1. Considering only residues that are modelled with pLDDT under 90 and open to solvent by less than 10 Å² (accessible area, probe 1.4 Å), look in the range A:77-113 and name the one that is nearest to the other protein chains (Cβ to nearest Cβ).
2. Of everything in the range A:1-54, what is within 29 Å of A:Ala118 (Cβ to Cβ), open to solvent by 40 Å² or more (accessible area, probe 1.4 Å) and not in a helix (DSSP H, G or I)? Give them in sequence order.
3. Kindly list the number of the only condition in (1) more than 13 Å from the chain's Cα centre (by Cα); (2) assigned to a helix (DSSP H, G or I); (3) among the charged types (D, E, K, R) that fails for B:Glu74.
4. Scan the range B:196-214 and tell me whether some residue there is among the hydroxyl-bearing types (Ser, Thr, Tyr) and loosely packed, with under 15 Cβ neighbours inside 10 Å.
5. Kindly provide the set of residues from the range A:170-193 that are exposed (fewer than 15 other Cβ atoms within 10 Å of the Cβ) and either modelled with pLDDT of 80 or more or more than 28 Å from A:Val159 (Cα to Cα) (or both), ordered by number.
6. Restricting to the range A:142-158, name every residue that is surrounded by fewer than 24 Cβ atoms within 10 Å (Cβ to Cβ) and more than 9 Å from chain B (Cβ to nearest Cβ).
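The values are calculated or read from the model by the stated rules, or taken from the named source; none is laboratory data. This structure is a prediction, so every number in the text was calculated from the model and none was measured. We place every Cβ from the backbone using ideal geometry, glycine too, and count neighbours over all the protein chains shown. These area figures cover heavy atoms from the full protein model, side chains too; ligands, DNA and RNA do not enter into them. Shrake-Rupley method; radii C 1.70, N 1.55, O 1.52, S 1.80 Å.
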Amino acid sequence: MMKKSWWKILAIALLLYTFTAGFLIQVPIIGNLNQTIRNLFFHVPMWFGQMVLLLVSMIYAIRYLRSGNLADDIYAREFARTGIIFGILGLVTGAIWASYTWGEPWSNDPKQIAVAIALLIYLAYFVLRNSMPDMDKRARVSSVYNIFAYFIYVPLIMVLPRLVQSLHPGGQGVEGNPAMSGKDLDPTMRLVFWPAVIGWTLLGVWISTLSIRISKIKEKNWINA
Amino acid sequence: MPSTQKIYTLFKKDLLLEIRQQYTFYGILLYIASTIFVLYLAMGRPEASAWNGLFWMNLLFICINAVAKSFLQESRGRMLYYYSIAGALDFILAKLMYNLLLMLVMSLLSLLLFSFFLGAPFAKTISFLGITCLGGISISLVFTLLAAIAARANQNAALMAILGFPLIIPQLLLLVKISKSAFGEIFNTGALSQMILLLCGLDLMVVILSLILFPFLWKD
């Protein structure tokens, strides 16, 4: 049991650590961020988690195209679904954060728009799936779309927002939040930030595996056939 | 392996069909003209940034109409016939080339009509002409694969718009930004060429993905 579920225990431990240390440690007071900087441990890991979950979804889509095994398609579908949930959570946590620091929950920031589009891309994936009643055809066509979508998703959220002015750190221009991006993250905050990223991502994988197990039970007649 | 001769034959078939039926060409021409009339009646001669946005949106809708046809017109029986005489790569390459040519013509035509009715607010005509060509190419490449996907999903043309609109946004955003240079906006040194390179890189990626992924759509 320990051998199989060590990563679930790790996820719980890391998230407990995130919730306690994240609220208790001394954080630097930067600009108008004040204590809201602690949202870094909740908002940013959602996007790391989404990227990982969607990557896993794409890998299973490739596997489906190579193997033709319908179970792989279920994996791809459920990981994409959890990716969407993480995206929604990321948008909500970001909106709450923004209403305190930028003055309004939605300010048409390039990154806000990019992730909203990314959500649309993956919602379209589910529309595409539901448009086909035939299971094999659905699996194959949506796998093709899934792979294509990931290759558009990465430049959409990683490259394009960096070309324009943004309120987020990492954009061009001086309006971005200072001293919070990448290597100049505060050392004590880094001690919580990276465990939080790993913990949230593992939680995402855990949620996906649960829904995969439910789907497998529901659809076992087709998978084994 | 794709053979040049097969690609050429398939390409010529599409072109001949178009020249003989002239359905897409005049259909799209009417579409562009009526859209522009409506826009003119609604907005008069818009200022540069509105003109820019309208132009690219118009191009997007034209592309959906023009490219969707290229796969949706192929009946099941005819696909079976292509399957027996050519490979998947021949087929997709021919389609990519044909759609590219079609969109190039359509983009230039709509640029002409746009300038005629809505005015031409761009300062650098030649560079905007180049950007229009680049835009037509980029949009046509993305929508060719999407048309193939939509054709597989029960020949559903509405699906293409649902799939295509979010996916085309990276290219469209880049195009809108790049074309601002033709309207006289000044960019940092290197920023413009960086964006053009990025757009070409995206196009190349779309072509490679189409070549890799289309064989899976082709088998039935």
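1. Taking the candidates together, the pick is A:Asp109.
2. A:Gly31, A:Asn32, listed by residue number.
3. (2)
4. no
5. Residues of the range A:170-193 that are exposed (fewer than 15 other Cβ atoms within 10 Å of the Cβ), as a first pass: A:170, A:173-175, A:178-179, A:181-184, A:187-188, A:190-191.
Passing the criteria: A:Thr188, A:Arg190, A:Leu191.
6. Within the range A:142-158, A:Tyr150, A:Val154, A:Ile157, A:Met158 meet the criteria.
Quick grid of which residues meet (1) open to solvent by 60 Å² or more (accessible area, probe 1.4 Å); (2) of a type in the set (A, V, I, L, M); (3) without any contact (Cβ under 8 Å) to a residue 24 or more places away in the chain:
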| site | (1), (2), (3) |
| --- | --- |
| B:Gln5 | yes, no, yes |
| B:Phe37 | yes, no, no |
| B:Trp56 | no, no, no |
| B:Gly87 | no, no, no |
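For (1) closer than 16 Å to B:Phe183 by Cβ; (2) modelled with pLDDT of 85 or more; (3) buried (at least 21 other Cβ atoms within 10 Å of the Cβ), each residue gets a yes or a no:
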residue	(1), (2), (3)
B:Ala120	yes, no, no
B:Ile126	yes, yes, no
B:Leu129	yes, yes, no
B:Gly136	no, yes, yes
B:Val142	no, yes, yes
B:Leu145	no, yes, yes
B:Ile149	no, yes, yes
